[in-house]
Structure formats: C-alpha cells, structure tokens
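Below: one structure, written as structure tokens.
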Protein chains: 2
Amino acid sequence: MPTGSGPGGARAGSRLDQEPRRYPGRVTRILAHYDIAGPADGMAERAAALALEQSIEMPLGAVTSGYVRDEVVARVERIEPLGPDRHRVVLGLAPATVGRDAGQLLNMLFGNCSLQADVELVDVELPPEVLAAWPGPRHGLDGLRARLGAGRRALTMTALKPQGLAPAELAALAGTFAAAGLDVIKDDHGIADQTYAPFAARVTACQQAVAAANERTGGQAVYAPTLSGGPRQLAEQVRVVREEGVGAVLACPMLLGLPVFDELVRHEIDVPVLAHPAFGGSRIAPPLLFGRLFRLLGADATIFPNHGGRFSYSPATCAELARVALEPWGDLRPCVPVPAGGMTVDRVPEMLGFYGTDVILLIGGGLLSAGAELPARAREFVDAVRGSAPAEEVRV
Amino acid sequence: MPTGSGPGGARAGSRLDQEPRRYPGRVTRILAHYDIAGPADGMAERAAALALEQSIEMPLGAVTSGYVRDEVVARVERIEPLGPDRHRVVLGLAPATVGRDAGQLLNMLFGNCSLQADVELVDVELPPEVLAAWPGPRHGLDGLRARLGAGRRALTMTALKPQGLAPAELAALAGTFAAAGLDVIKDDHGIADQTYAPFAARVTACQQAVAAANERTGGQAVYAPTLSGGPRQLAEQVRVVREEGVGAVLACPMLLGLPVFDELVRHEIDVPVLAHPAFGGSRIAPPLLFGRLFRLLGADATIFPNHGGRFSYSPATCAELARVALEPWGDLRPCVPVPAGGMTVDRVPEMLGFYGTDVILLIGGGLLSAGAELPARAREFVDAVRGSAPAEEVRV
C-alpha cells in the first residue's frame, strides 16, 4: 500500500506495504481488509459469507449468471491469523460494483457488515483505475502552505466557540486570532445555521474581521466556516462562501454524507476543505476513515482526536493516521493531519516532536480559557509553532 | 417516551415511558440518553464532561456569555446506575442548537462523543417544538396498506438481486415477483447506478414489468428502486422516478447522509420511502437509529436485521425497534418495521407471531434460491402472509 502509480509507502515493516494481488487479464480488485473476531475453526466459512454479504447478498448456488459468479461476487483473497480469536480477512471487490460513487464505495466496503459486530474494516487498497476516479485534495499540504505564506513550517489552527455567541462576538474573536497570527480560524463544528448566528450573517462578519486583521498585520490568516445541512441549504452556504471570498471551509463528511462531501469537492468548492470527524465513530479503523478515505474524497486537512486529550486514540493510531494521510498514494496530494481535542500550548513542542512539521496544530478551548490573556496566549501558540521551523523559513 | 402531544407510549414497565423534565418558563430540552462505561466513582465528572463535549466544547469557566452558560450548555439531567461499571446519563440539550437540521440533530446527540468509545447513545426524547420540525412518514402503515390494497394484513417485500444482472434480467425477476402477488419489490441495496444496470434503464424496465404484471393480475405491486449518490445524481434519479410513475423508493440514510434523506422526504419524493440500514453500525442503539430517528426523518418503512438470520440482533432488540417505529409519537405516522436478512418462507408463521401483522416481511435470497421453483416459492410466501390476516380482510 498504496496502490496506484505513485512511489508507494513502502516503509519497511509497515502493515500496509503489501502489493495488491493482480488478476492477469482482468482489472485489479479493490482489496478490503477486515479484522474478524473468531477462531481459525470456521473462519473460512465466515470469510466466504462476508464475501457474499458485501457483494451479491444471496446464496452463491442461486446465481445463474456467469458474469455475476465470475466477476461481481467478492472473493476471499487471503485469511491470516492475528491471534487465536482474531483473523485478518482480505476480500477482493469488483471495481464495477463501485463506479465513481463515494456512497457506493462505502456500501461495498462496509454497508451491511457494519451491522455485524464481529467485523472491523481496517484498510483498503484501491487499484489505479478506482483511485483515479477521485480527485483527492486539490490543495494539499503545499497548497495550504502557499495560501498561508507559511514556508515549510507547521501550521496553526483555532476554533471560534462557543456556539450561542452572536455573529459580532464570533467576529471579534476571529479578528483577535487573526491579529495574533493564527493561520486558520475555523468555526466550531457545532456552529451550523442556528438562529443566534445565522450562516450568512456570521460568515460575512467573521470573514470581514479576519480580512481587516490581515490588512493591519500583513498576515494571511484564513477563516473556515462550517458547512452543514442538506443540499439546498448547502447550495446557499456555498453561494455565501464564494461571494464573501472566504478562504477555506470546514465540513463533517459523516454528517453531510460522503457523497455530498464528494460532490462539494468535485463541483462546488474551490478553496481548501477541512474535514472534521464528528459522527465518525464506527468499526472502521480511524487511520482508514479519517486518513485515507477522507483524503481520497478531497479533504485538504483532516482533524482527528490527538492522544492524551479528551479522546482515547493511542499514539500508534494517531501516528498511523498522520502517516496514511501524508504518504505517497497514486497522484493524490497529501492531506494534512490536524491532531486536536483538548490540546494546550505547552504541548506544542511535544506534538511537533511527534508529528514533525507536516502538520496543523489545532488549539481551541486551550486558548479561550486564557480569558483576558487570550491575545497573549494565542501569540504564544503562534510563536511556539513558528519557532519550530528552520530559521530561514520563519515568517517575519 | 414519547414526548410531544400524542397519547404517548406509556406501556407499563417500558424503559422509555419516563416523562421528560420540563423547565418552567423555558422551552423543554432535548433529552439524550447515553450509556457510559465506568464506575460510580467519577461518573458525575464524566457526565459533566460529556455535557460540555456535546454542546460548547470548551471549559465552562471560559464562557463569558450568560446566555451560553444558562441556555446553550448541555445539562446533566440525571445519572442512574445500570450496574457496577455502567451508568445511564441523561443530558438536556438546547433545542436552539439543533433547529431544523437533521445533521445538526445528530451532531448534538452524537457528533464528537461518537469518537469516545465509552459512550453509547441509547434513546432520545424530543420536546414538541422539535418533534414538530420534522415531517415523519408521509404515508406510514395506513398509507402503505391503502396504496397496496392490503386491508389490515401484513405486507410482503422481496429484493431484486444479484447486482451484476442487466436491466432486462432484473425486470424479468420483478415481473415474476409482481405476478406472484408480492406487495413491494425493491432493488437490492447494492444496486446503485453501475454500468451493468444504469439507473434510468433499470428503473424504466423494472417499473414497466411490474406495471404489466399488475395489469394482467389486477394486483397493486409496487417497485422501489434504490436511490444513491450525491445531490446531482439524486436529482436525476428523482426525475426518472417521477417520469416513470414509480410507486416507492429505497434509500440508505447513513450512506446518503441524514440531511440528504431529510430533504428527499421534505421536498423531492412524494411516494413512500423505505429506509435501509446499510452503513448504520455504530454505538447508537438500533431501535433509536432505525426505529425512532429514521421514522422522524420520514421513513415509511424501516428495514433491519431480524434475529436468527445473518446478523446478531437479539429478539429483544428487534421487538424494541418495531415497537418504537410503530408507537404513538406526537403527530408522526407509524413507520412499518421490516425484519430481514436471511429470512425464509418457513419462518413466516413464527415472524408473524413475533411481530403481529403491523409488519412487512422481506425475503430476498430465500426466494431466489428456489431456482426454477421461484414463482411457486414466491406464491407460497404471499399465501403464508395473506393467510395470517383475519378472513374478512384477505384480498381475493
């Protein structure tokens, strides 16, 4: 892994560096890796049942079409023990069952079996033809840095909160953060289109506050409002984003629906898209969902719960998520990892040590809790991140 | 439960029959019931942290706005032990944080905490003002029965599969099922818009086959194609559904995105909508997600894994799911439970005994596996279900 034409993420010892199996004379299959709870005895039957569940959903003996039996039915590619009661099962899915539909990709990978508690989806390998059907990030790490005038250093992000504030209050906060030198100022993901801060009024006010601060400081801070709702509401929000010259957007793909997120990136939004993991808890491994799949669908940056905060991800999970978001993968640009969730300024050196500088550090409440000292705390955050870059790359 | 103006589901002993707490002089809160893993010691702090996580996502001490502190912050309503290491925590969420946005409802209920493995969302009580913001089923049980000419008996459903067949092959199957007297003939949920059976060609062919069979038999069978994809693709599919006079649709709300499903029901689709649970595995209790929430958003029928099939739901889970889908709830019509997943004709009497006649029985592979005997097996299914109704209500 990765598949596709890129140089591949062939780091020695990676659990992802197997080459996908090729079918001579046929298209290569989508390889879906599942961890299944259960002993070796009966696992071949369990894997075969999963292959039917995830493809034709009926007994193989009742299939009369040769095309369906030879091409459409998912195949058990391999079964490997992970322990006495846990096995890795790799299925080969037919690319024709997916097409270019993000919802259908997820349906084939984890539609029905998301309802089977013994199954986790842990990784996916896509043949080049399938990989090429998605755009991936349009900006990626380099595009974000260029837009933010950030050289090769790590980037900073914060959040406007709490929800319940009026547009003018959120805008004042946004201006303060921009003046302090934050790179990206996003809405809290809970800020939607509520009556206390309607989308158009809020986005106009916050965008103007950030632009005004940039004007004063010479900075290039970007405001990223949360997009939410169904297609009609989104279309109106996209219109506001364009009209106001907003520089990025935040979206929760699992709340919007993955096909909606896919269409936003393909057709509606030109600016960088930041993905938020809300509603994303499932039996899909976080590195796969938030690192690989969100990147495939076009997230330029992916927010996830850092270890040691309010969530329970392990350091290994976080490292793997960041790795797959950034690693070479076909022609896809890297998606920038954004560890977050209860982070504080004093953790900046440790986080930069852990993730390196190809990262956006997101601190929200940890800045807001400074109260009257908020501008100073924000500046401290900015300085701590800028100080980490090679001297010649520090922005003055 | 339920809240709202309806007669309520006040069955004695139900775990759902508590009255929601009212706030004199204020709107009533959305009550979200969580099961949290952990001992009594520390549970008050865990519940308080969850209340912040699901509302303002920042330390309470850093909040300066009185409105936010008094109204927007979620409140811990009660904590009850369920065992030494498990507690029920009920949070009160402010309705203003949700508005009429289905995605935002899920975000407030289970956005960030879906990423916290110690938390399950098990039930929700909605105040009348929030309940009234959603349409619920436009047809419901009575509307479906009227459309199908079915009196008060149980209903039958089957699925066109496997994916990979061409439109003409699927249409032949659809015609056979309609002639046998099936009530609803749906696409397999894996049938999307693949090249081997593009949506427009498939839907036209299947609809015509069902209409022709109805013409011959005097039946009222309905074909329900699967809707899939992003908003642009869906708009095109909705156009085909309207033009061809299709009588129902199938949708996977968790794949489409809940706000998309919401908009489909509110604005795009007039015919009954059948919800499929694909991609719905999560730490939301199945009765809540597939019974209550899909109903709230307008599912006229909700498909779920029956006990004793290919999935692991218990009889208790299935009974509870069917109960909340049907029970009085404000002004919402009942949503018809559709137990499925590896069902066979010989289970019909047992299933009718378990669910009663306010149900749609769905058998897919169990009919297809009959091979050349498919018409006879389908007829056997139809007869078994019709025979269950009171004699005067059997359709001749």
Within the group B:136, B:175, which residue is assigned to a helix (DSSP H, G or I), closer than 27 Å to residue B:337 by Cα and at pLDDT 95 or above?
B:175
If you go through the stretch A:47-78 one residue at a time, how many are within 11 Å of chain B (Cβ to nearest Cβ) and either of a type in the set (Lys, Arg) or over 35 Å from the mean Cα position of the chain (by Cα) (or both)?
10
In the stretch B:109-125, which residues are over 13 Å from residue B:289 (Cα atoms), outside any loop (DSSP other than H, G, I, E, B) and facing chain A (nearest Cβ under 7 Å)?
B:112, B:114, B:115
Given the conditions (1) in contact with a helix residue (DSSP H, G or I) (Cβ under 8 Å, 6 or more places away or on another chain); (2) more than 12 Å from every other protein chain (Cβ to nearest Cβ), and given that residue A:88 satisfies all but one, which numbered condition is not satisfied?
(1)
What number of residues in the stretch A:68-77 are over 25 Å from residue A:128 (Cβ atoms) and among the acidic types (Asp, Glu)?
0
Within the stretch B:196-228, can you find the residues that are crowded, with 21+ Cβ neighbours inside 10 Å, assigned to a loop (DSSP other than H, G, I, E, B) and under 26 Å from the mean Cα position of the chain (by Cα)?
B:221, B:225, B:227, B:228
Does the stretch A:353-365 contain any residue that is within 9 Å of the chain's Cα centre (by Cα) and either among the β-branched types (Val, Ile, Thr) or within 14 Å of chain B (Cβ to nearest Cβ) (or both)?
no
Return yes when residue A:82 is part of a helix (DSSP H, G or I) and not charged (D, E, K, R) and no when it is not.
no
Can you tell me which of (1) touching a residue at least 12 places away in the same chain (Cβ under 8 Å); (2) buried (at least 23 other Cβ atoms within 10 Å of the Cβ); (3) of a type in the set (A, V, I, L, M, F, W, C) is the one residue A:115 doesn't meet?
(1)
Got at least one residue in the stretch B:64-77 being in contact with a Lys or Arg (Cβ under 9 Å, 6 or more places away or on another chain) and part of a loop (DSSP other than H, G, I, E, B)?
yes
Where residue A:145 falls short, out of the listed (1) in contact with a His (Cβ under 9 Å, 6 or more places away or on another chain); (2) farther than 17 Å from residue A:37 by Cα
(1)
Residue in the stretch B:109-118 that is under 30 Å from residue B:33 (Cα atoms), out of contact with any Ser or Thr (no Cβ under 9 Å at 6 or more places or on another chain), at pLDDT 95 or above and polar (S, T, N, Q) present:
yes
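Among the listed residues A:193, A:188, which satisfies the condition of being within 11 Å of another protein chain (Cβ to nearest Cβ), at negative phi and under 18 Å from the mean Cα position of the chain (by Cα)?
A:188
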Residue count, the stretch B:29-46 (criterion: closer than 21 Å to residue B:282 by Cβ and either crowded, with 18+ Cβ neighbours inside 10 Å or more than 12 Å from every other protein chain (Cβ to nearest Cβ) (or both))
9
Across the stretch B:78-103, which residue is farthest from residue B:134 (Cα to Cα) among those that are without any contact (Cβ under 8 Å) to a residue 60 or more places away in the chain and buried (at least 21 other Cβ atoms within 10 Å of the Cβ)?
B:87
So, in the stretch A:216-258, exactly how many residues are over 18 Å from residue B:267 (Cα atoms) and either at pLDDT below 95 or of a type in the set (D, E, K, R) (or both)?
5
For the stretch A:350-385, name all the residues that are outside any helix (DSSP H, G or I) and of a type in the set (Val, Ile, Thr).
A:357, A:359, A:360, A:363
Per-region count, the stretch A:133-153, residues over 29 Å from residue A:105 (Cα atoms) and within 14 Å of chain B (Cβ to nearest Cβ)
0
Given the condition more than 8 Å from every other protein chain (Cβ to nearest Cβ) and out of contact with any strand residue (DSSP E or B) (no Cβ under 9 Å at 6 or more places or on another chain), answer yes or no: does some residue in the stretch B:271-289 qualify?
no
Note on residue A:144: of the conditions (1) in contact with a helix residue (DSSP H, G or I) (Cβ under 7 Å, 6 or more places away or on another chain); (2) under 25 Å from residue A:264 (Cα atoms), unmet is (1)
Only one of these conditions is not met by residue A:156: (1) in contact (Cβ under 8 Å) with a residue 60 or more places away in the chain; (2) within 13 Å of chain B (Cβ to nearest Cβ); (3) closer than 30 Å to residue B:61 by Cβ. Which number is it?
(2)
Evaluate the following for residue B:138: is it in contact (Cβ under 8 Å) with a residue 60 or more places away in the chain, surrounded by fewer than 21 Cβ atoms within 10 Å (Cβ to Cβ) and under 17 Å from the mean Cα position of the chain (by Cα)?
yes
For the stretch B:227-268, which residues satisfy the criterion of being more than 10 Å from chain A (Cβ to nearest Cβ) and under 11 Å from residue A:259 (Cα atoms)?
none
From the list A:106, A:52, which residue is touching a residue at least 12 places away in the same chain (Cβ under 8 Å) and under 18 Å from residue A:132 (Cα atoms)?
A:106
What about residue A:250, is it crowded, with 23+ Cβ neighbours inside 10 Å and either in contact with a strand residue (DSSP E or B) (Cβ under 7 Å, 6 or more places away or on another chain) or under 24 Å from residue A:342 (Cα atoms) (or both)?
yes
Residue that is of a type outside the set (Ser, Thr, Tyr), at pLDDT 95 or above and surrounded by 21 or more Cβ atoms within 10 Å (Cβ to Cβ), where the choices are B:381, B:354:
B:381
Return yes when residue B:302 is surrounded by fewer than 24 Cβ atoms within 10 Å (Cβ to Cβ) and either within 13 Å of another protein chain (Cβ to nearest Cβ) or out of contact with any Gly (no Cβ under 6 Å at 6 or more places or on another chain) (or both) and no when it is not.
no
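The values are calculated or read from the model by the stated rules, or taken from the named source; none is laboratory data. The structure presented is a predicted model; accordingly, all values stated were derived computationally and were not measured. Cβ coordinates were reconstructed from backbone atoms using ideal geometry, including for glycine residues, and neighbour counts include every protein chain displayed.
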